[in-house]
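What follows is a set of notes on a single structure, which appears directly below.
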Amino acid sequence: MTASPTILWFRQDLRLHDQPALLAAAEQGPVIPVYILDDDTPGDWRMGAAQRWWLHHSLTSLAKDLKALGSRLILRRGKAVETLRALVEDTEATTIHAIRHYEPWWRAAEEELGDRLCLHDGNHLARPELVTTGSGKPFRIYSAFWKGLQEHMPPAHPLDPPSSLDAPGQWPKSEKLADWALLPTKPDWSTGFAEDWTPGEAAARERMADFGDKAVAYDTARNMPSEEGSSRLSPHLHFGEVSVRAVWHSLDRRGDTETFRKELAWRDFTDGVVMALPDYADRNGRDAFDVMPWRSGQQAKADLKAWQTGRTGYPIVDAGMRQLWATGWMHNRVRMITASFLIKHLLIDWREGERWFWDCLIDADYGNNAVNWQWVAGTGIDSNMFGRIMAPLSQSEKFDAGDYIRQWVPELKNVSDAAIHDPEDAGCRPKTYPAKIIGHREGRERALAAAKAMRG
């Protein structure tokens with residue numbers, strides 16, 4: 001008699017290596033791996049368009065890897081809780097195994113599924129509930145969180161995948177991935193994605209190995225847009241194609257890699273923030289900013305559009321926004337510059353930028369995206385001061401972004417190194433490139449005046 005199967009519920013953990021839920025399910029007997037495309041449970045935070053492109057290819061890779069283990073990936077679309085309950089009834093599965101998630105909608109779904117759901121830790125260096133203050137509350141300041149995290153470090157070493165998986169006596173029906181229409185067609189704006197990215201676990205592990213030797217230079221190289229100093233692991237980590245503790249241990253015996261390790265830990269920190277403040281992506285962390293006089297009206301809408309399309313007249317800002325649209329990713333230093341420009345120079349609500357990044361980024365974590373935007377805006381519980389306004393022109397020159405600008409703003413490809421950061425001021429702005437939509441000093445003074453008005 002065939003043993004009752006268990007269900008393995010994949011979400012943002014699309015891998016076989018270091019997959020505790022997979023190993024636990026395999027130990028019980030036959031396994032039914034399932035991915036559910038749920039656009040209802042997340043509400044307004046359904047997966048963005050760029051992430052859907054990645055998901056299509058990542059699921060294709062995962063299905064292939066499962067097939068090599070003698071298994072298959074079942075695809076369903078609908079509300080996750082209802083779909084899983086129906087699968088349990090149809091297959092007579094005894095247990096649902098899954099890796100724990102911290103987005104508010106997933107936490108609610110996990111609670112609704114009750115005792116039949118068996119959760120495992122696998123997407124964090126340490127379980128966020130365990131890294132707390134002396135009073136048992138989540139840390140709100142990253143420096144304190146990093147110190148507290150050390151009590152739980154190093155993380156456990158990653159687990160090997162099973163060599164095979166037992167199949168159930170009968171497979172439930174699966175939808176076809178192509179029917180989900182995750183890939184853009186009319187128009188296909190993703191042509192540049194495939195040039196930069198290869199989704200899937202194999203590519204994630206290859207990138208992890210490749211970055212190991214470069215990690216010691218990360219502290220400096222990560223700030224240079226014209227260099228390949230970033231790990232470019234963020235989308236792989238976002239989709240869980242590689243575990244964060246596998247990346248952590250890949251840096252062992254590599255020299256001083258603390259700066260990059262802190263970036264890995266930041267992801268844990270942001271999940272702790274949204275665990276404590278589930279609506280952090282929609283609400284100011286500091287109530288004082290609820291009366292901030294953000295700009296609105298037609299001119300603000302036009303300025304937002306110019307920012308989104310990389311037509312602000314600030315070369316470093318425009319290069320970043322065009323890179324984002326073309327590749328689904330943006331250099332980390334430039335992310336801060338573009339965010340600061342929208343919030344401070346254009347005085348547009350940070351949530352407008354957060355939403356744009358959510359739709360355009362392939363690595364837009366709910367917690368990470370929200371905490372990062374509020375950090376730049378000065379509205380967050382742990383954030384920069386609003387009065388600290390990044391100067392995009394001097395930032396561009398300081399971090400030698402000339403070649404980066406030429407790559408993404410071809411109108412400026414023939415501008416000299418001396419003028420590339422501010423061709424308008426140098427008197428050599430090409431006619432095809434827009435003038436600045438606002439002067440740096442004018443934008444700065446307007447932002448400071450708005451902050452003063454907010455304080456009353």
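At-a-glance table
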item	result
Among P33, L22, G70 the positive-end extreme of the charge dipole of region 1-106 (Cβ point charges)	G70
Region 339-416-region 32-89 distance, computed between alpha-carbon centres (Å)	32 Å
Surface/4 of the Cα convex hull for the chain, nm²	23.1 nm²
Dipole of region 98-233, positive direction: furthest Cα of W105, P161, P199, with charges on the beta-carbon	W105
From the C-alpha gyration tensor of region 306-420, square roots of 5λ in Å	24, 16, 11
In sequence order, calculated HN-Hα J values of region 301-310 (Karplus, 6.51, -1.76, 1.60; Hz; x Gly/Pro)	5, 5, 5, 4, 4, 5, 5, 4, 9, x
Tensor-based shape of region 1-121 (alpha-carbon gyration tensor, a/c under 1.5 rounded, otherwise prolate or oblate)	oblate
Under Karplus coefficients 6.51, -1.76 and 1.60, residue-wise ³J(HN,Hα) of region 49-64 in Hz, glycine/proline x	5, 5, 5, 5, 4, 5, 4, 3, 6, 5, 5, 4, 5, 5, 4, 5
Dipole magnitude of region 1-84, debye to nearest 20 (Cβ charges: Lys/Arg +1, Asp/Glu -1, about Cα centre)	300 debye
Among beta bridges that DSSP assigns inside the chain, antiparallel share in %, nearest 5	5 percent
Hits among lysines - C-alpha to C-alpha of K262 under 18 Å, sequence gap 8 or more where chains match	K147, K214
Under 27 Å from K67, Cα to Cα: lysines that are on another chain or at least 8 residues apart	K79, K173, K176
Sequence ranges 425-436, 98-109, ranked by mean other-Cβ count within 10 angstrom, highest first	98-109, 425-436
Relative contact order of region 287-454, pairs being alpha-carbon contacts under 8 Å that are 6 or more residues apart, as %	30 percent
Nearest-20 debye value, the chain charge dipole, Cβ charges on Lys, Arg, Asp, Glu	1180 debye
Partner aspartates and glutamates for K64 [C-alpha distance under 13 Å; skip if fewer than 8 residues away on the same chain]	E201
The chain, relative contact order [Cα under 8 Å, separation at least 6], %	18 percent
For peptides 285-291, 131-137, 273-279, 53-59, sequence by mean Cβ density within 10 Å, most packed first	53-59, 273-279, 285-291, 131-137
Cβ-placed point charges (K, R +1; D, E -1), dipole of region 406-456 about Cα centre in debye, nearest 20	260 debye
Which of D188, D382, D44 is most accessible, then next, and so on - probe 1.4 Å	D44, D188, D382
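The values are calculated or read from the model by the stated rules, or taken from the named source; none is laboratory data. Please read these numbers as outputs of a predicted model, since none were measured by experiment. Ideal geometry is used to build each Cβ from the backbone, glycine not excepted, and the neighbour counts take in all protein chains shown. Accessible surface is based on the protein model in full, side chains and every heavy atom, while ligands, DNA and RNA are left aside. Shrake-Rupley method; radii C 1.70, N 1.55, O 1.52, S 1.80 Å.
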